[in-house]
Amino acid sequence: YYVWLQVMIFPVIYNWVIIILRTCFTTIALSYLPVWLTLDYLADLMYMADMIITVHTGYLDQGILIRDVAQLRKRYLHSTTFFRDLVSLLPTDFLYFVFGIHAPLVRINRLLRIPRLNEALDRMETRTSYPNTFRISKLMIYIFVLIHWNACLYFALSSYIGFGSDRWVYPNMTDPAFASMRRQYFYCFWFSAQIFTTVGDTPLPKREEEYLFMIADLLIAVLVFASIVGNVGNVITSLRDRDNVFFPNHELVKAYLRSHHISKELRQRIDSWYQHLHINKKIMRENEILQQLPVHLRTEIAVSVHLPTLSKVTIFQSCEKSLLEELVLKLTPQVFSPGEYVCRKGDVGHEMYIIREGKLAVVADDGVTEFAVLGESNFFGEISILNIKGNKSGNRRTANIRSIGYSDLFSLSKEDLTDVLSEFPAAKRHLEEKGRQILTKMGILEESGEQEEGEAEKVETKIGRLERKLEILQTKLARLMSELESSHCKMQARVEQLEWEVAAIEPQLPEDGGGEREKGRSEGVAPLMTGDTGPIDSTQLHT
């Protein structure tokens with residue numbers, strides 16, 4: 001679809017430029033008539049093909065791509081785009097039989113396809129890698145078309161007034177110098193450009209028609225000049241904003257250094273550092289530039305840019321890809337000047353470094369003796385960002401690293417690595433094991449410390465297991481106590497109910513029911529109410 005839009009630029013521009021040219025310059029129209037007719041109907045064929053492609057172009061409905069031909073056709077036929085496209089293809093060429101073949105103005109309806117040109121240019125602007133240059137080029141194309149139209153109208157007005165009737169109109173055709181077709185067009189274009197740019201001494205108009213033409217041109221020239229200044233100003237502003245985002249603000253730093261009377265040598269070093277950034281296009285604020293993108297797009301960009309470098313680090317080799325994708329977002333670019341120390345022996349290590357470009361020297365304490373030179377894709381300080389028990393160096397730097405020239409490095413801080421590894425416990429154990437192996441080869445890992453660490457981990461594991469068991473027992477005990485209390489409450493309620501039933505039955509016994517029954521009952525109950533220890537009370541009976 002994008003390629004087709006670029007193809008459609010040519011027929012639209014052709015109609016906008018040639019129709020007015022053939023209408024005003026009749027000599028040019030008649031001299032190349034077969035060529036113009038061929039190009040006319042070729043442009044019409046492309047217009048028809050564009051309608052067919054538009055009918056089959058899908059659209060998004062709530063984020064879903066609609067590709068059903070019936071729905072696409074219905075949507076296109078009920079849109080204003082279809083009406084405009086249809087009007088632009090009406091067979092107005094039959095009017096040639098009325099006005100003659102030298103009247104290409106009958107095809108003026110072909111100019112209605114200008115929205116297609118705007119769509120193509122907008123899409124090209126969003127996809128080009130040089131948007132500012134494209135905006136200037138697009139503005140120049142618009143100005144060229146405007147000057148072209150004005151030149152054609154100037155020639156037509158001169159023909160209406162009379163060639164050579166005064167100094168303002170086009171000179172008389174009888175002069176051989178102004179009789180050729182090329183001279184006619186070039187002179188009119190030059191005259192029109194002079195009016196719009198207000199550069200040069202144009203002849204003063206003599207007639208009312210000439211005055212009106214000049215007034216209209218001068219008003220349009222004001223708008224053209226304003227548009228040029230505005231667009232160029234926007235381009236310059238965008239370039240300045242881009243530089244401010246890409247590079248630190250040097251002017252503020254200069255003002256700060258001047259206000260604090262910093263030494264000239266240090267100011268020269270800072271100026272050289274800024275100059276290196278600008279000349280080599282070193283970007284120091286990648287995170288701010290990409291902040292507006294979604295997280296997954298930022299991750300893909302960081303993976304494509306930094307993942308090959310990060311994969312070369314020994315401790316990160318064979319790690320899962322998701323871990324590396326998290327780490328690449330944490331890499332911070334740094335630039336070191338010639339002779340600047342990246343780290344010194346004995347310093348506490350808070351980050352590791354990966355050399356992207358440049359050379360670093362491993363030097364002795366005297367700063368002169370060089371033990372080794374680290375080049376591109378080398379790394380150092382990876383052990384210091386892992387808290388490995390038994391490390392004799394105690395996470396301190398074991399060497400002096402100094403930049404030979406300008407060096408571009410990536411740094412990864414210990415805090416960022418810790419945050420990422422908290423989500424990947426298996427990778428954390430893997431990295432710590434690799435770190436122990438490296439420390440063992442270097443001879444700076446204490447075995448006793450590693451054993452004590454293992455024993456401490458075992459004790460902590462046992463304590464944790466006992467605590468979990470104790471929590472389970474406490475839960476069971478609480479459940480048993482609650483069940484016992486519930487049973488006691490139920491039993492007490494049952495006893496109270498029985499007492500109420502007995503109390504309700506006793507008043508209903510007959511008072512004169514015979515002494516013998518009362519006596520017999522007393523005799524019958526007496527053995528039950530007595531025992532070896534004597535009579536029992538009602539509470540013992542209930543129990």
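The values are calculated or read from the model by the stated rules, or taken from the named source; none is laboratory data. Quick caveat, the model's predicted, so the values are computed rather than measured. Every residue, glycine among them, receives a Cβ derived from its backbone with ideal geometry; neighbour counts consider all protein chains shown. The protein model used for the area step is the full one, side chains on, heavy atoms only, and it has no ligands, DNA or RNA in it. Shrake-Rupley method; radii C 1.70, N 1.55, O 1.52, S 1.80 Å.
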### Message
For 490, 359, give me the order by solvent-accessible area with a 1.4 Å probe, most accessible first, ignoring ligands, DNA and RNA.
### Response
490, 359
### Summary
In whole angstrom, the spacing between the Cα centers of the stretch 30-83 and the stretch 156-226 equals 39
### Task
Can you run the Rg to Rh ratio on the stretch 310-356? Use alpha carbon positions and the Kirkwood inverse-distance Rh.
1.02
### Message
Placing one identical point scatterer on every Cα of the stretch 75-203 and ignoring solvent, what is log10 I(q)/I(0) from the Debye formula at q = 0.13, 0.17, 0.18, 0.19 Å⁻¹?
### Response
-0.83, -1.07, -1.10, -1.12
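Can you tell me how the stretch 114-153 classifies by the Cα gyration tensor, rounded, prolate or oblate, using a/c under 1.5 as the rounded cut? Present the calculation step by step, with values, prior to reporting the outcome.
On the way: a/c = 5.85, a/b = 1.84, b/c = 3.18.
It comes out oblate by the Cα gyration axes.
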### Message
For residue 330, what accessible surface area do you get with a 1.4 Å probe? Give it in Å², rounded to 10.
### Response
70
### Task
Take the Cα coordinates of the stretch 303-382, assign each an equal point scatterer, and use the Debye formula without solvent to give log10 I(q)/I(0) at q = 0.13 Å⁻¹.
-0.46
### Task
Take the cross-link list 359/389; 389/469; 330/414; 359/434; 312/345 and give me the ones stretching past 21 Å between alpha-carbons.
359/389; 389/469; 359/434; 312/345
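Grab the beta carbon distance between residue 300 and residue 123, set R0 = 22 Å, and tell me the FRET efficiency rounded to 0.05.
The pair residue 300/residue 123 has a calculated efficiency of 0.45.
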### Task
Run the accessible area of the stretch 343-428 with a 1.4 Å probe and give the carbon-and-sulfur part as a rounded percent.
48
### Query
Hey, any idea what % of the stretch 1-106's accessible area is carbon plus sulfur with a 1.4 Å probe?
72
### Query
To the nearest 10 square angstrom, how much accessible area does residue 7 have with a 1.4 angstrom probe?
50
### Query
Around residue 357, which amide H atoms from residues at least 5 apart in sequence, or from another chain, sit under 5 Å from its own amide H, with H modelled in the peptide plane?
408
#### Entry: Protein-only accessible surface order, largest first, of 16, 168, 190 at 1.4 Å
190, 16, 168
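Which order do 306, 260 take by accessible area at a 1.4 Å probe, largest first? Show your work: numbers first, answer last.
Details: 306 10, 260 100 Å².
Ranked list, largest accessible area first: 260, 306.
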### Message
If you count only protein heavy atoms and use a 1.4 Å probe, how large is the accessible surface of residue 201, to the nearest 10 Å²?
### Response
140
